[in-house]
1. Where does the chain land at 222 nm, in deg cm²/dmol rounded to the nearest 500, when only DSSP H runs of n ≥ 4 count, each adding -39500 (n - 2.57), divided by all residues?
2. Excluding same-chain residues fewer than 8 positions from residue 52, which aspartates and glutamates have a Cα within less than 12 Å of its Cα?
3. What whole-number value in cubic angstrom gives the convex hull volume per residue for the C-alpha atoms of the chain?
4. Over the chain, what is the percentage of antiparallel beta bridges among all DSSP beta bridges, to the nearest 5?
5. With θ set to phi - 60° and the Karplus curve 6.51 cos²θ - 1.76 cosθ + 1.60, what are the ³J(HN,Hα) couplings of segment 174-180 in order, to the nearest whole Hz, using x for Gly and Pro?
6. To the nearest µm²/s, what D does Stokes-Einstein give for segment 219-359 at 4 °C and 1.567 mPa s, using the Kirkwood radius over alpha carbon pairs as Rh?
7. Working out 0.36 nm times the residue gap between residue 335 and residue 350, then minus their Cα-Cα distance, what length gain in nm do you get to one decimal?
8. Taking amide H atoms as placed 1.01 Å from N in the peptide plane, list the residues 5 or more away in sequence, or in a different chain, whose amide H sits under 5 Å from that of residue 58.
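The values are calculated or read from the model by the stated rules, or taken from the named source; none is laboratory data. Everything numeric here is computed off the predicted structure, so don't read it as measured data. All Cβ positions, glycine included, derive from the backbone under ideal geometry; neighbour counts span all protein chains shown. Protein only, heavy atoms only, side chains kept; ligands, DNA and RNA dropped before computing areas. Shrake-Rupley method; radii C 1.70, N 1.55, O 1.52, S 1.80 Å.
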Amino acid sequence: MTPFTFTSRPARIVFGAGSLERLGEELDELGIRRALVLSTPEQRFLADRVRKLAGGRCVDVFDGAIMHVPVEVAQSGLDAARAIEADGLIAAGGGSTLGLAKAIALETSLPVVAIPTTYAGSEVTPIYGMTSGNEKKTGKSYRVLPRTVIYDASLTLTLPVGLSATSGLNAIAHAAEGLYAQDANPVMSLFAEEGIRSLAFALPSVCARPDDVAARETAQYGAWLCATVLGNVGMALHHKLCHTLGGTFNLPHAETHAVVLPYAMAFNLPAATEAAERLRRALDVPDPAAALYDLGRRLGAPSALRALGLAESDLDHAAEVAMRSPYFNPRPLSYGAIRRLLQMAFDGTAPNLHSFDGI
Ligand code: NAD
């Protein structure tokens, strides 16, 4: 067996439809008596419900969270927390709301209780990000890792089908790359395999019947497992390509992951035998790259970078940026290979495990 290091982080997971009702006791467990609830303006109704459920343990609501945590928003949230002498933060929403909670926790070390409503998974990673102008700065600190996560699938019933599909595929991407990470370990590989299996099984039902609580629960369970992998091991080519396309060409986050994933798998899995075997088992198919492409089509997710607004003339530059600053990848990288991968993803050509033979 390959030697490994695994550090178990003390996050408490409270899982199950209806579990939001347990909020009061969870706040008591952490000794929180003066919480600030955070949300986006669109999810203010949820923040108000959370405040009510928290009873006297919650003092105020700040509903100014927006995508990518602009530093000005982080500052306003911090001011709101200081104004009420908050002793804890409750983040009710998706990655944007979690991001705001993390930005405040980074400055204050306040404990965060997360109530996620998407499959993005930020609630179980120590990764934070903030934007200033057009520049996004990310970092890693265990100070921002939520102490308790309440997964109540009934809060995900309103998540639009399109976002459910792309953020679910985004979650699968974290786990798939975690399987061949440089610092992979058998515990995270178990999480990854079960997370991918759960999401791939549940997402078609979620998209066909968005109010199916059982399917939503299975998808949320998978999202938790997959995000835990992201929080524990390093990522490789797939994430580098998505960060390049998002950062340099402003392509949308989850949709870009959904498009690129089958191509990254087609390229990397021939060089990552154990990861390929685990993915075959999780998806119950002989060719995981082809199967992930088919899953995306079945869910109605975008299938080509051209559909996300990228210009074909950008592909050379994208390949150059993706080659910059060397990073771990299970298969050696070359400009030609990345350029070809990007062309296939741009066109939406169906990939398989032989797409990059001999390259
Ligand atoms: P989001 O939080 O931006 O939410 C998108 C919109 O959907 C918002 O208006 C939100 O209020 C609404 N929404 C969320 N849940 C809903 C629900 N159940 N019903 C109806 N509306 C709902 O979207 P996201 O994809 O969760 O988060 C994306 C952000 O998270 C990005 O900035 C990304 O970089 C970040 N992220 C960070 C990490 C990390 O580890 N730090 C991990 C994944 C994503």
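1. On the way: 13 runs with 181 residues, N = 359.
So the calculated ellipticity at 222 nm is -16000 deg cm²/dmol.
2. Excluding near neighbours in sequence, the set is 21, 60.
3. Details: hull volume 44.6 nm³, N = 359.
Value for the chain: 124 Å³ per residue.
4. Working: 6 of 26 bridges.
In the chain, approximately 25 percent of DSSP beta bridges are antiparallel ones.
5. 4, 6, 4, 6, x, 5, 10
6. Numbers: Rh = 15.4 Å.
Translational D for this selection: 84 µm²/s.
7. On the way: separation 15, 0.36 × 15 = 5.40 nm, distance 2.11 nm.
Full-extension gain reported as 3.3 nm.
8. Under 5 Å from the amide H of residue 58: 35.
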